[in-house]
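The values are calculated or read from the model by the stated rules, or taken from the named source; none is laboratory data. This structure is a prediction, so every number in the text was calculated from the model and none was measured. Here the Cβ positions follow ideal geometry from the backbone for every residue, glycine too, while neighbour counts run over all protein chains shown. Each accessible area value is taken on the protein alone, full model and side chains, heavy atoms only, with ligands, DNA and RNA left out. Shrake-Rupley method; radii C 1.70, N 1.55, O 1.52, S 1.80 Å.
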Amino acid sequence: MLGEVRILGARSLGEYSLLGKIRAKRGSLYMPQDVSGDVTALLETGRFLGVSSALYSLPDQKVPDDYAAI
């Protein structure tokens with residue numbers, strides 16, 4: 001589950017513009033292939049030399065029962 005999506009270091013494009021190009025949304029189930037797709041989508045804008053992702057656990061955030069088996 002995604003708790004937060006952050007865009008860092010993008011000066012020429014607004015954060016909301018970039019968030020519109022990716023599938024990641026707060027509270028959604030997010031799989032490794034989704035990360036790859038979003039990285040590709042950002043690179044295809046032609047505005048980045050590189051894109052990386054980072055995953056962090058969120059303290060005190062329980063995985064919903066619907067997703068616990070995944």
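Would you please name the residue that is farthest from Glu4 (Cα to Cα), looking only at residues in the range 14-41 that are touching a helix residue (DSSP H, G or I) at 6+ places or on another chain (Cβ under 7 Å) and at pLDDT 85 or above? My answer is Lys21. Listed by first and then second residue, the pairs with beta-carbon distance under 7 Å, at least 6 apart or on different chains, first residue in the range 27-49 and closer than 16 Å to Ser17 by Cα, second modelled with pLDDT under 80 and open to solvent by 40 Å² or more (accessible area, probe 1.4 Å), are Arg47/Ser12. Of the residues in the range 46-69, none is outside any loop (DSSP other than H, G, I, E, B), modelled with pLDDT of 75 or more and open to solvent by less than 90 Å² (accessible area, probe 1.4 Å).
Counting residues in the range 4-12 that are loosely packed, with under 15 Cβ neighbours inside 10 Å, in a helix (DSSP H, G or I) and at pLDDT below 85 gives zero.
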